[in-house]
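The values are calculated or read from the model by the stated rules, or taken from the named source; none is laboratory data. Note that the coordinates shown come from a computational prediction; the quantities given were computed from them, not determined experimentally. Backbone-built Cβ (ideal geometry, glycine too); neighbour counts: all protein chains shown. Surface accessibility is based on the protein's heavy atoms, side chains included, excluding ligands, DNA and RNA. Shrake-Rupley method; radii C 1.70, N 1.55, O 1.52, S 1.80 Å.
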Amino acid sequence: LLLHQVANRLKACITEQDIIARLGGDEFTLILQNVTDLERAAKVANSVQHALLTSIQVKKETVYVTASIGITLYPEHGKTVEELVKRADQAMYLSKKKGRNRYEFFSYSIEEKATEKRKLIEEIKLGLKENQFELYYQPIFSVDGKSITKAEALIRWNHPQKGLIGPNEFIPMAEKNGLISDIGRWVKSQAIQDCTLFNKISKRLIQVSVNTSPLEIDRSGEWVEQWIQASKQFNLPEHSVLIEVTENTLMGTDSEIKRQLRRLSEFQIDVAIDDFGVGYSSLAYLQRLDIDILKIDRSFIKDIEKNDNSIALVRAIITMAHNLNVEVVAEGVEKQEQYMLLKQMQCDYIQGYYFSKPVSKKVFVSEFIEE
């Protein structure tokens, strides 16, 4: 019923010589005759947007819709139906990305970006197949600044042409295109093997923390079973693995997530809340869940030495966590003043460039484990 009324409003925006068609779902295509310049095309796009501004009545419901529009011109943007529709689609997705309820004209830079995106996806797949990824480790120091009992595993991509690539350049793409599970499995396997090596060499327990994408956490609990089975297989020491999850993953903590975290706890696999303070922070879930560590987000540490509000917030987080028997890691510590303040506030662990950048496994072993 809604689509029928939308179609009628779109018809009112075009002439009798023009064509309107519904491609499928909620996508319509308008083919405009005698529109040869951007200005006239934009005028029709504005008419479409204006036509959809008024609410639509569907039975007893009032519905509001908006249009995200992509525009191509013949023959500048293609000489076949396939080319024109494909490129209009690319422009339409750009208008969605920029906030919806707007129109965008196709440009060849859009197509270049789409081609780069497809190429990157294929390269990630190849990278996994050819073992181009590796884990770097950032040491996490006790607040005394002397002993290291933890390290965070951080993925890097040894790209054959581009060199070493950080996760921000490929993880978001992997999450959007269904590759994050494959990357997650690789990280899990490699981190466990490295953890086994570290604890074989070290005279003290080294706990390896691993980031877990929200997309890896499934309601069936398969991700939990994978960790448990891998820990059993490699006979990992208790508390040698710390799984980092974001606050938003735990919001609205239903009984299934609670059960999964409890199961990890039963097998002495610890759980940390990463980037604490920037999500939908709630004290309630800290009471209900088996959480071992809070990692204070770097945004609170960034200007702590000159911002009284940051000091108050960090002090409150540390005090609250300690009252709940939860330890605290401060991320992104880069200056001595920051470290001294955190030490004064009795933060448990310090992570950041002030002590060490992430380093390769070889460097981590030689500089931070071997006596």
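Computing Rg and the Kirkwood Rh from the Cα coordinates of the range 1-155 gives a ratio, Rg/Rh, of 1.23.
Convex hull over the Cα atoms of the range 144-222, averaged projected area in nm²? Mind showing how you got there, number by number?
Numbers: hull surface 30.2 nm².
Hull-based average projected area comes out at 7.6 nm².
In the calculated pair distance distribution of the range 71-144, what percentage of Cα-Cα distances lie above 18 Å? That tail contains 59 percent of the Cα-Cα pairs.
Taking a straight line from the alpha carbon of residue 146, these lysines sit under 22 Å away, with near neighbours fewer than eight places off in the same chain left out: 200, 203, 295, 335, 343, 357, 361, 362.
Just how far, in whole angstrom, is the range 102-128 from the range 15-92 if you go by their alpha carbon centroids? If we compute the Cα centre of each part, the gap is 23 Å. For the chain, give me the percentage of DSSP beta bridges that are antiparallel, rounded to the nearest 5 percent. Around 50 percent of the beta bridges assigned by DSSP in the chain are antiparallel ones. Pairs of alpha carbons in the range 272-371 separated by more than 18 Å make up 48% of all such pairs.
If you roll a 1.4 Å probe over the chain with all protein chains in place, what percent of the accessible area is carbon or sulfur? Result for the chain: 49 percent of the exposed heavy-atom area is carbon or sulfur. For the range 84-124, the calculated P(r), taken from all Cα-Cα distances in 10 Å bins from zero up to the bin holding the longest distance, is 30, 49, 20, 1 percent.
Take the chain with all the other protein chains still there, run a 1.4 Å probe, and you get 55 Å² of accessible area per residue.
From the coordinates of this entry, Rg/Rh (Cα atoms, Kirkwood Rh) is computed, and it appears in [x] 1.04; [y] 1.27; [z] 1.09 under the label [z]. Highest mean packing first, where packing is the average number of other Cβ atoms within 10 Å per residue, the peptides 98-108, 134-144, 7-17 line up as 134-144, 98-108, 7-17.
In the range 22-85, which trypsin sites (Lys or Arg not before Pro) are in a loop and have at most 16 other Cβ atoms within 10 Å, using DSSP for the loop call?
Numbers: sites: 22, 40, 43, 59, 60, 79; in loops: 59, 60, 79.
Here the sparse-neighbourhood loop sites are 59, 60, 79.
Projected onto its three principal axes, the C-alpha set of the range 121-259 covers 42, 42, 30 Å, listed from the longest axis down. Other residues lying with their Cβ under 14 Å from the Cβ of residue 122 contribute a combined charge of +1, Lys and Arg counting +1, Asp and Glu -1.
Averaging 1/r across all pairs of distinct Cα atoms in the range 1-75 and inverting the result yields a Kirkwood radius of 13.2 Å.
Of all DSSP beta bridges in the range 1-131, what percent run antiparallel (nearest 5)? Here the share of antiparallel DSSP bridges comes out near 75 percent.
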